[in-house]
Every structure is written in structure tokens, then in C-alpha cells.
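Undergrad: Quick one: this structure, given as C-alpha cells, is what I'll be asking you about.
Just so it is clear, none of the values below were taken in a lab; they were calculated from the coordinates. Bear in mind that the values here come from a model prediction, so they are computed numbers and not experimental data. Counting neighbours? That spans all protein chains shown, and the Cβs are built from the backbone with ideal geometry, glycine included.
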Amino acid sequence: MSYTEIGAIALTEIVGDFGYKKFANEGGINNFVIGTVGYIGVVFFLIKSLQGSTVLLVNSAWDGISAIIETIAAMVILGERLDDPQQYIGIVLIVAGLFFLKIPMKREHRFFLPKLF
């Protein structure tokens, strides 16, 4: 597991979420396909991240990085802001938590695709 892989999970999850949100509100095969492809990417990167790691560590890192990426996107793209200054302290604590997880920047072991049968 690495920051690159966890970041890839978070980004493909956003693609899936946005595609399915548009599908839920507007319909359309293209929106459904975008959502589905996004979540297929999530499955691939999750399998890749779990190889040689634990569910506990991968899930913690995914939650933290996803929260940071979506917070930045909401602030930059949507112009949203938090209501209470203490909420910004919470974001800083998420970043600190990611630091304490000691996630490597790149994968230590080579990934291999597991056999299905």
C-alpha cells in the first residue's frame, strides 16, 4: 500500500460518486457507465492496496485521504466553507493521523494479480 494507491482509490471513488449522482438525478447510460467504471477502479485499487497490508490500515488511510481530497474539492470547486473554526482543527488532525499511519509514498513490493481459480 502507498499514498499513490490510496489516492487512486479516493479519486476513482469520486468519479464513481459523481457519475452515479448524475445518473440518479438525470438518468442516462453515460452517467451510469461513468459511475460503474469509477467503482470498478475502486475495486482494482482496493485489491492492489490490500495486497501485503491490512484492512485496518488501508481503510483508515482511504477514509483520511478521501476526506482531505473531497474537502479540498468542495472548497475549491464549490466554494464551500466550514461553519466553525474548530472544524478546521479537525481537518488538521486528519492530516496528522495520516502522518502517524506511516504510509509509504510508493509500494514496497511488486503487485501481482491474484488467480481467480
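Undergrad: Which of (1) 53, 24, 21; (2) 49, 42, 19; (3) 31, 29, 27 is the computed Cα extents along the principal axes in Å for the structure on display?
TA: Checking each listed value against the structure points to (2).
Undergrad: Separation of the stretch 17-62 and the stretch 90-117 by C-alpha centroid, Å?
TA: 17 Å
Undergrad: Hydropathy first: keep DSSP H helices in the chain averaging at least 0.5 on Kyte-Doolittle, then drop any whose Cα extent along the axis falls short of 27 Å, and list what survives.
TA: Those that clear 27 Å and a mean of 0.5 are 29-50, 55-76.
Undergrad: Right, next: How high is the relative contact order of the stretch 1-91, given as a whole-number percent (alpha carbon pairs under 8 Å, six or more residues apart)?
TA: 34 percent
Undergrad: Can you check what the net charge comes to around Gly16, using other residues whose Cβ is under 14 Å from the Cβ of Gly16 (Lys, Arg +1; Asp, Glu -1)?
TA: Result for the local shell: -1.
Undergrad: Go ahead and estimate [θ] at 222 nm for the chain from helices alone: -39,500 (n - 2.57) per DSSP H run with n ≥ 4, summed, over the residue count, rounded to 500.
TA: The helix-only estimate for the chain comes to -25000 deg cm²/dmol at 222 nm.
Undergrad: Next question. Using a Gaussian network model on the chain with a 10 Å cutoff between Cα atoms, which of Ile103, Ile65, Ile29 fluctuates the most?
TA: Residue with maximal mean-square fluctuation among Ile103, Ile65, Ile29: Ile29.
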